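Colleague: Below is the structure I would like to discuss, written out as C-alpha cells.
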Amino acid sequence: MPDPREEPLLGAPVVGDVAYTILADKGVPDLLPKLAHKKPNELRMDDYFKWPSVGDHRQLLQNAIRKWLIDHPDCCGRIPVVRSTEPATWKFQMSEFDIVEAQGKFSRLRLGMNPEQVLKIAGNPDAIDRGG
C-alpha cells in the first residue's frame, strides 16, 4: 500500500530540472519565485515540479536563466554558449493513415494470445529479441 504521507506523483524530472539544481550550486539565484509571483518562503517543493510543467513556464524559466548567465559571464568559469537557432526536434515519420492502421491492428490484440496469433495480426517485427 502506498504511503499516504507522500506527495502525489509529479512526474520524472527532466535534464533541465537537474541542470537548474546544479546551476544553483554554482551561484545562479533561484529565479522561480519571481517568475511564479511568490515569495521564496511561500514556495513548496512540489512547486519546483508543477510550475515548470504548466504551459510555457519551462521556457520562461530557461530564458530567465540564459539571460542571467549572459549578464554574469564569470558565474560558472566560462562564457555561456547561446544558440542562435532552436534546438533540433524529432519529427514523427508515420503518416496518419499508417497510424490509424496500426491502431486498428493493435486494438485486436488481447492478453493470453500466443505468439503466432499476435504475428498474424501485427505482422513480423522489425527486430526480434534472440535472448529467449
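The values are calculated or read from the model by the stated rules, or taken from the named source; none is laboratory data. All figures in this text were calculated on a predicted structure; none of them were measured in a lab. Neighbour counts are summed over all protein chains in view; Cβ atoms, including those assigned to glycine, are modelled from backbone coordinates with ideal geometry.
Colleague: If you scan the stretch 12-24, which residues turn out to be without any contact (Cβ under 8 Å) to a residue 24 or more places away in the chain, under 20 Å from GLY55 (Cβ atoms) and assigned to a helix (DSSP H, G or I)?
Modeller: VAL15, the sole residue that qualifies.
Colleague: Surrounded by 10 or more Cβ atoms within 10 Å (Cβ to Cβ), assigned to a loop (DSSP other than H, G, I, E, B) and modelled with pLDDT of 80 or more, is that true of LYS105?
Modeller: Here the answer is no, as LYS105 does not meet what is asked.
Colleague: Restrict the check to the stretch 43-64 and report whether at least one residue is among the charged types (D, E, K, R), modelled with pLDDT under 80, out of contact with any His (no Cβ under 6 Å at 6 or more places or on another chain) and assigned to a loop (DSSP other than H, G, I, E, B).
Modeller: yes
Colleague: Could I ask something else about it? Kindly evaluate LYS39 against the criterion of being modelled with pLDDT under 85 and on the phi < 0 side of the Ramachandran plot.
Modeller: no
Colleague: If you don't mind, another one. Got a number for residues in the stretch 25-42 being part of a helix (DSSP H, G or I) and surrounded by 14 or more Cβ atoms within 10 Å (Cβ to Cβ)?
Modeller: 3
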